[in-house]
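Working notes, structure below.
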Amino acid sequence: MNRNDLSDLAAFAVVAEEGSFTRAAARLGMSQSALSHAMKALEDRLGLRLLARTTRSVSTTEAGQRLLRTLRPALDDIAAGLAAVGELREKPAGTLRITTGKHAAVRVLWPVLSRFLVDYPEVQVELSIDSSLTDIVASRFDAGVRLGEQLEKDMIAVRIGPDIRAAIVGAPSYFAQHPVPCAPQDLAGHDCINYRFTTSGAVYVWEFEEDGHPVNVRVTGSLVSNDMDVIMAAVLDGRGLAYIFEDEVAEHVAAGRLVRVLDDWCTPFPGYYLYYPSRRQIPPALAALVDALRYRL
């Protein structure tokens, strides 16, 4: 293998990931015609067609897909090795792409990132807010944040926050017209605001616990949403009961804008973890962020 082969293979991986010569050329800092010529030359040397080209997009052929599966781990190792060289610098540098839900981003990540970005001015952090369970390897993220119960077993996971509790809340105006529920089963007589998962499309089943045993209740109501800000606005307006993380409603409860019920049934569950693929060498910028975020009792 010569130097051109390695360069063209790396460029091929970018074209495959972007699905576009235009976007790939911009990412690689070269002209579209030069990139197209390099891909044609690579295919000629291999004697295989790697890319299927149309007027609108580019996709990999079966041979191209097989080559890409082999290339990705090798290119990741090369990138990690180059990043490790950065340890010789005084401070970590580069871009970290992290996928996370909104609650974790605001309540757990940002309080740490606010200081981290000052301490490491050469590190850029890109937060992608997405409540779905993103495949961080396929989507080229450096790390992701999930609740402990949602972690994949083949990932390295670091706890970054405390246990979390849910809160069942309603506005005083709602309880002026409805009785206070004493047990989860009483929710059958209430207007409950439901949350629908973006990824699966399923409606969340409200989770409780009694004497160590789970008690799950499917509630009904006049409103369903996949956005917690909408649910918060609705519960504050007295439209029904909502199941929300307690730290998001604490100020409203303290101010009397919301009333908390079924508190004894809401037990703590594992909080957030930062997770990333297993690698022989972790990039210095990610290592620094992991250390900054690591939850210490």
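For the range 127-246, taking the reciprocal of the average inverse distance between every pair of different Cα atoms yields a Kirkwood hydrodynamic radius of 16.4 Å. Restricted to Cα atoms, the range 106-157 shows a radius of gyration and a Dmax of 12.6, 34 angstrom. Placing +1 on each Lys and Arg Cβ and -1 on each Asp and Glu Cβ, with no other charges, gives the chain a dipole about its Cα centre of roughly 1220 debye. For VAL158, the solvent-accessible surface with a 1.4 Å probe is about 10 Å², rounded to the nearest 10. Fully extending the segment from LEU151 to LEU71, taken as 0.36 nm per residue of separation minus the present Cα-Cα distance, adds 26.2 nm. If the Kirkwood radius is taken over C-alpha pairs of the range 27-78, then at 20 °C and 1.002 mPa s the Stokes-Einstein diffusion coefficient equals 176 µm²/s. Dipole of the chain computed with +1 at Lys/Arg Cβ and -1 at Asp/Glu Cβ about the Cα centre; of ALA24, THR95, PRO284, farthest Cα towards the positive end is ALA24.
Using r as the Cβ-Cβ distance of VAL137 and ARG27, and R0 as 25 Å, what FRET efficiency do you calculate, to the nearest 0.05?
The computed FRET efficiency comes out at 0.85.
Surface listing: HIS213, HIS103 arranged by accessible area from highest to lowest gives HIS213, HIS103, probe 1.4 Å.
Once neighbouring chains are kept in place and the probe is 1.4 Å, which whole percent of the accessible area of the range 125-239 is contributed by carbon and sulfur?
Heavy-atom surface of the range 125-239 belonging to carbon and sulfur, 1.4 Å probe: 50 percent.
Quick one: work out the % antiparallel among DSSP beta bridges in the chain, nearest 5.
70 percent
In the distance distribution for the chain, Cα-Cα pairs more than 29 Å apart total 51 percent. The reciprocal of the average 1/r between distinct C-alpha atoms defines the Kirkwood hydrodynamic radius, which for the range 206-293 equals 16.5 Å. For the chain, the per residue solvent-accessible surface stands at 56 Å², with DNA, RNA and ligands left out and a 1.4 Å probe. For the chain, the longest principal axis of the Cα atoms and the long axis of helix 284-293 meet at an angle of about 10 degrees. Considering the range 85-187, its Cα convex hull presents a mean projected area of 10.3 nm².
The values are calculated or read from the model by the stated rules, or taken from the named source; none is laboratory data. Predicted model, so just to flag it, every value in this text is computed and none were measured. As a convention, Cβ positions derive from the backbone with ideal geometry for all residues, glycine included, and neighbour counts pool all protein chains shown. In case anyone asks, the SASA skips ligands and DNA or RNA and just uses the protein heavy atoms, side chains included. Shrake-Rupley method; radii C 1.70, N 1.55, O 1.52, S 1.80 Å.
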